[in-house]
1. Taking the residues in region 124-147 that are modelled with pLDDT of 95 or more and more than 13 Å from residue 93 (Cβ to Cβ) as candidates, determine which candidate is surrounded by the most Cβ atoms within 10 Å (Cβ to Cβ).
2. Since residue 77 meets every condition but one in (1) buried (at least 16 other Cβ atoms within 10 Å of the Cβ); (2) part of a loop (DSSP other than H, G, I, E, B); (3) within 14 Å of the chain's Cα centre (by Cα), which condition does it not meet?
3. How many residues does region 54-72 contain that are under 30 Å from residue 19 (Cβ atoms) and in a loop (DSSP other than H, G, I, E, B)?
4. Which one of these is surrounded by fewer than 22 Cβ atoms within 10 Å (Cβ to Cβ) and either under 15 Å from the mean Cα position of the chain (by Cα) or at positive phi (or both): 101, 82?
5. Just give me the residues in region 85-98 being surrounded by fewer than 20 Cβ atoms within 10 Å (Cβ to Cβ), farther than 18 Å from residue 70 by Cβ and out of contact with any helix residue (DSSP H, G or I) (no Cβ under 7 Å at 6 or more places or on another chain), in sequence order.
6. Select from region 91-124 the residues that are assigned to a loop (DSSP other than H, G, I, E, B), touching a residue at least 12 places away in the same chain (Cβ under 8 Å) and under 20 Å from residue 15 (Cα atoms) and list them in ascending order.
7. Within region 125-137, can you find the residues that are under 23 Å from residue 62 (Cα atoms) and outside any strand (DSSP E or B)?
8. Please go through region 30-59 and give me each residue that is in contact with a strand residue (DSSP E or B) (Cβ under 8 Å, 6 or more places away or on another chain) and over 20 Å from residue 77 (Cβ atoms), ordered by number.
């Protein structure tokens, strides 16, 4: 996707590194989420596993936040207020791939960040890391591309 877009737009696009992603997600804060430390406040700024999604996954309902963000599954982009850097959906909605390999020296797995609509609040915090093989396909994983300055 980044290569195709770079060629089409004649600009350089790429996945962020983990450090770039976390800097963007934190937006100058030192809290778990860009809006503070309270997981119950996530429903105001992010699409995560909450009371709306819990009925679809009753075995995990105990892990849901008590609020309702209005979406049981993915939400349209920018459905919530941006963080202090003007970036939308840094927490929740879909996991986002980064460009940092993990595991064996061949980089068989890559780190993804941010959590999704199906992610418990503990795993949506700015510092949490998850990983999968780049060949993994899930409806709750997506990308965020950076456009490099010219």
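1. Once the filter is applied, the top-ranked residue is 126.
2. The number of the failed condition is (1).
3. Going through region 54-72, the residues under 30 Å from residue 19 (Cβ atoms) turn out to be 63, 65, 69, 71.
Still in the running and in a loop (DSSP other than H, G, I, E, B): 65, 69, 71.
So the count comes out to 3.
4. Details: 101 fails: either under 15 Å from the mean Cα position of the chain (by Cα) or at positive phi (or both).
It is 82.
5. Narrowing region 85-98 to residues surrounded by fewer than 20 Cβ atoms within 10 Å (Cβ to Cβ): 85-88.
Filter again for farther than 18 Å from residue 70 by Cβ, leaving 85-87.
Across region 85-98, the qualifying residue is only 86.
6. We begin by selecting, within region 91-124, every residue assigned to a loop (DSSP other than H, G, I, E, B); these are 91, 93-94, 103-108, 114-120, 124.
Restricting the remaining residues to those that are touching a residue at least 12 places away in the same chain (Cβ under 8 Å) gives 91, 93-94, 103, 108, 114-120, 124.
Correct list: 91, 93, 94, 103, 108, 114, 115, 116, 124.
7. Here is the first cut: in region 125-137, the residues under 23 Å from residue 62 (Cα atoms) are 125-130.
Hits for region 125-137 are 125, 126, 127, 128, 129.
8. 39, 41
The values are calculated or read from the model by the stated rules, or taken from the named source; none is laboratory data. Keep in mind the model is a prediction, meaning the values are calculated, not measured. With ideal geometry, Cβ positions are generated from the backbone for all residues, glycine too; neighbour counts draw on all protein chains shown.
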